[in-house]
Amino acid sequence: MLATVGVSDLESLFDEIPGHLRAEVLKRVPHALPEMEMARLIAGRAERDGRYVNFIGAGAYEHHIPAAVWELTTRGEFYSAYTPYQAEASQGTLQLLYEFQSMMASLTGLAVSNASLYDGASGLAEAVLAAIRAHKKSHRVLLPATVHPVYRSVVRAIARNQGVELVELPHNEDGAVDAVDLAGNSDVAAVVVPQPNFFGVLEDVDALTDAAHGIGALVIALVNPVSLALLKSPGEWGDDGADFAVGEGQPLGVPLSSGGPYFGFMCCKERYVRQMPGRIVGRTTDVDGKPGYTLTLQAREQHIRRSKATSNICTNQGLLVTAATIHMALLGAAGLRRVATHCHQNTNELQLQLSAIPGVARAFARPFFHECVLRFERPIAGVMRAMEAQGIVAGLDLTHYYPDLGHSMLVCATEVRTKEEIAEYARHLERIMSRRPLDPPCAVKTAS
């Protein structure tokens, strides 16, 4: 900034201020830090009673959000604007939604995106219903056990009164679904393929996609948008690509906030665009040849057709989509790739240190993105309580959801976790597993 305004140092910037009025404390301003490190430093200095360091993922992820994201999102033009029914008066909002759609279509490798859904779980239910409408011949859907348990519960709740038969596919000893398990099924409308799955494991999406298409079923990709910066896009899966892609948009600039609000996204191949629930923004030109934006492919009757509508609870989460669009625009493709890479590296380092502790081991050998399952020789609840006493939220206890896995826990480390925090986690866990005395409860130190 000094170079841009044409001065050599901080003192020169304020040279018009008389010396006796200068605040000498400015000399103690530290050297420049990246925004994420500065935010961590300020948060550490503001703490009085310590803080919890979070290693939970399971569909809600702690990522760094640049300060500019919500400074822009909460401007009056976005923050207080209502739904864009009057296109001529909502060009800014519609342009932003159009750009969001373009970004999501690029990430997923599919032709069409809608303008968002209520959340990822209900978005998956909407994708199931859209696939059934597109297939026309069957109401059976294969839903793997490796899909988020809450998502499966929401899909059942929404679909059970609409004649949809949900068939659960078991996972193998590697925490993934075998493509051969699809071959014995017939009369199937769609197969849900999570990538990464709830265990953090990477499924064999090419084999699953080809197997699903081989039995005449459509493929619904359930994806983490951040992972798509590194992984193959759903549009490139198998020989013909996934037919729909859906997921939770919270990792894209939406902070953790006691369970919400979040937003879902959905993309599809162009041939299924008329089955797409929710809103779609189109770009056109006006009579003067200038670009203009409008809601498209929606009849007014869409909002009052009840059971015949292609939308059920697909509320457009406009404000959160605004934040996500700004977030992706600020990061760019390279920035999003760096975030995804750091997430994977941190989780890999975490599992290496934890699985080296006697009594702790990786549950699955397959590659993962930024979550993995660890199996313990002791009940998870006691381990988590002991870790919480040290200021660390260790992960998610899987005992309730997957009792067949034994004493297992899902852990996650995004780009915001530091090497010091990971080492602190491992040090406390090693003492807990060895039943040696722990340190007095204290906050994990924040790097200065």
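The values are calculated or read from the model by the stated rules, or taken from the named source; none is laboratory data. The shown structure was predicted, so the numbers you read here are calculated from the model rather than taken from an experiment. Using ideal geometry, Cβ is built from the backbone for each residue, glycine included, and neighbour counts are taken over all protein chains shown.
Residue-wise test of (1) polar (S, T, N, Q); (2) touching a Ser or Thr at 6+ places or on another chain (Cβ under 8 Å); (3) farther than 30 Å from LEU410 by Cβ.
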position: GLY92; (1), (2), (3): no, no, yes
position: MET103; (1), (2), (3): no, yes, no
position: VAL112; (1), (2), (3): no, no, yes
position: ALA130; (1), (2), (3): no, yes, no
position: LYS137; (1), (2), (3): no, no, yes
position: VAL141; (1), (2), (3): no, no, no
position: ALA145; (1), (2), (3): no, no, no
position: PRO149; (1), (2), (3): no, no, no
position: VAL167; (1), (2), (3): no, no, no
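Restricting to region 407-448, name every residue that is among the small types (Gly, Ala, Ser) and at pLDDT 95 or above. Show your work before the answer.
In the first step, residues of region 407-448 are kept if they are among the small types (Gly, Ala, Ser); the result is 408, 413, 423, 426, 434, 443, 447-448.
Residues satisfying the conditions are SER408, ALA413, ALA423, ALA426.
From the residues in region 5-30 that are surrounded by 10 or more Cβ atoms within 10 Å (Cβ to Cβ) and under 42 Å from the mean Cα position of the chain (by Cα), which one is modelled with the lowest pLDDT?
Ranking the qualifying residues of region 5-30, first place goes to LEU26.
Regarding HIS407, is this residue within 30 Å of VAL205 (Cα to Cα), surrounded by fewer than 22 Cβ atoms within 10 Å (Cβ to Cβ) and not acidic (Asp, Glu)?
Values: within 30 Å of VAL205 (Cα to Cα): yes; surrounded by fewer than 22 Cβ atoms within 10 Å (Cβ to Cβ): yes; not acidic (Asp, Glu): yes.
So HIS407 fits the description; yes.
For (1) acidic (Asp, Glu); (2) out of contact with any strand residue (DSSP E or B) (no Cβ under 6 Å at 6 or more places or on another chain); (3) part of a loop (DSSP other than H, G, I, E, B), each residue gets a yes or a no:
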{"residue": "PHE364", "(1), (2), (3)": "no, no, yes"}
{"residue": "LEU374", "(1), (2), (3)": "no, no, no"}
{"residue": "ARG378", "(1), (2), (3)": "no, yes, yes"}
{"residue": "GLY382", "(1), (2), (3)": "no, yes, no"}
{"residue": "ALA386", "(1), (2), (3)": "no, yes, no"}
{"residue": "HIS400", "(1), (2), (3)": "no, yes, yes"}
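Pick from ASP239, ASP286, ASP243: which is over 28 Å from ILE326 (Cα atoms) and out of contact with any Pro (no Cβ under 6 Å at 6 or more places or on another chain)? Give the steps one after another, and end with the answer.
Numbers: ASP286 fails: over 28 Å from ILE326 (Cα atoms); ASP243 fails: over 28 Å from ILE326 (Cα atoms).
Of ASP239, ASP286, ASP243, the one residue that is over 28 Å from ILE326 (Cα atoms) and out of contact with any Pro (no Cβ under 6 Å at 6 or more places or on another chain) is ASP239.
Out of region 170-200, which residues are among the β-branched types (Val, Ile, Thr) and out of contact with any strand residue (DSSP E or B) (no Cβ under 7 Å at 6 or more places or on another chain)? Even if it seems obvious, please write down each step before you answer.
Taking region 170-200 as the starting set, the residues that turn out to be among the β-branched types (Val, Ile, Thr) are 177, 180, 188, 191-193.
Across region 170-200, the qualifying residue is only VAL180.
Only one of GLU203, GLU126, GLU165 is under 22 Å from ARG362 (Cα atoms), among the acidic types (Asp, Glu) and either at pLDDT below 95 or touching a strand residue (DSSP E or B) at 6+ places or on another chain (Cβ under 7 Å) (or both); which?
Of the residues listed, the single one that is under 22 Å from ARG362 (Cα atoms), among the acidic types (Asp, Glu) and either at pLDDT below 95 or touching a strand residue (DSSP E or B) at 6+ places or on another chain (Cβ under 7 Å) (or both) is GLU203.
Would you call ALA111 among the aliphatic types (A, V, I, L, M) and surrounded by fewer than 21 Cβ atoms within 10 Å (Cβ to Cβ)? Steps first, answer last, please.
Numbers: among the aliphatic types (A, V, I, L, M): yes; surrounded by fewer than 21 Cβ atoms within 10 Å (Cβ to Cβ): yes.
It is true that ALA111 is among the aliphatic types (A, V, I, L, M) and surrounded by fewer than 21 Cβ atoms within 10 Å (Cβ to Cβ).
Taking into account only those residues within region 58-92 that are part of a helix (DSSP H, G or I) and among the polar types (S, T, N, Q), which is surrounded by the most Cβ atoms within 10 Å (Cβ to Cβ)? Even if it seems obvious, please write down each step before you answer.
Taking region 58-92 and keeping what is part of a helix (DSSP H, G or I), we get 67-73, 76-79, 87-89, 91-92.
Add one more test, that the residue is among the polar types (S, T, N, Q), and what stays is 73, 91.
Details: THR73: 20, GLN91: 14.
This residue is THR73.
Results for (1) free of Cβ contacts under 8 Å to residues at least 60 places away in the same chain; (2) buried (at least 24 other Cβ atoms within 10 Å of the Cβ); (3) hydroxyl-bearing (Ser, Thr, Tyr), shown as yes or no for each residue.
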{"position": "GLY214", "(1), (2), (3)": "yes, no, no"}
{"position": "SER227", "(1), (2), (3)": "no, no, yes"}
{"position": "ALA242", "(1), (2), (3)": "no, yes, no"}
{"position": "LEU256", "(1), (2), (3)": "no, no, no"}
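Filter region 251-299 down to the residues that are touching a helix residue (DSSP H, G or I) at 6+ places or on another chain (Cβ under 9 Å), of a type in the set (D, E, K, R) and assigned to a loop (DSSP other than H, G, I, E, B) and list them by number.
Within region 251-299, LYS269, ARG279 meet the criteria.
Residues HIS135, HIS139: which one is within 14 Å of PHE244 (Cα to Cα) and either in the same structural domain as PRO403 (by TED's automatic domain parsing) or not β-branched (Val, Ile, Thr) (or both)?
Working: HIS139 fails: within 14 Å of PHE244 (Cα to Cα).
None of the others qualify; the one that does is HIS135.
Which of the residues belonging to region 130-159 are closer than 20 Å to TYR262 by Cβ and of a type outside the set (Gly, Ala, Ser)?
Residues satisfying the conditions are VAL147, HIS148, PRO149, VAL150, TYR151, ARG152, VAL154, VAL155, ARG156, ILE158.
Condition first: loosely packed, with under 14 Cβ neighbours inside 10 Å and either among the hydrophobic types (A, V, I, L, M, F, W, C) or in contact (Cβ under 8 Å) with a residue 12 or more places away in the chain (or both). Now tell me which residues in region 376-392 satisfy that.
Pass one, region 376-392, residues loosely packed, with under 14 Cβ neighbours inside 10 Å: 377, 379, 381-382, 385, 388.
Those that are loosely packed, with under 14 Cβ neighbours inside 10 Å and either among the hydrophobic types (A, V, I, L, M, F, W, C) or in contact (Cβ under 8 Å) with a residue 12 or more places away in the chain (or both): GLU377, PRO379, ALA381, GLU388.
Failed condition for VAL167, given (1) within 22 Å of PRO403 (Cα to Cα); (2) among the β-branched types (Val, Ile, Thr); (3) surrounded by 15 or more Cβ atoms within 10 Å (Cβ to Cβ), with all others met?
Among (1) within 22 Å of PRO403 (Cα to Cα); (2) among the β-branched types (Val, Ile, Thr); (3) surrounded by 15 or more Cβ atoms within 10 Å (Cβ to Cβ), the lone unmet condition for VAL167 is (3).
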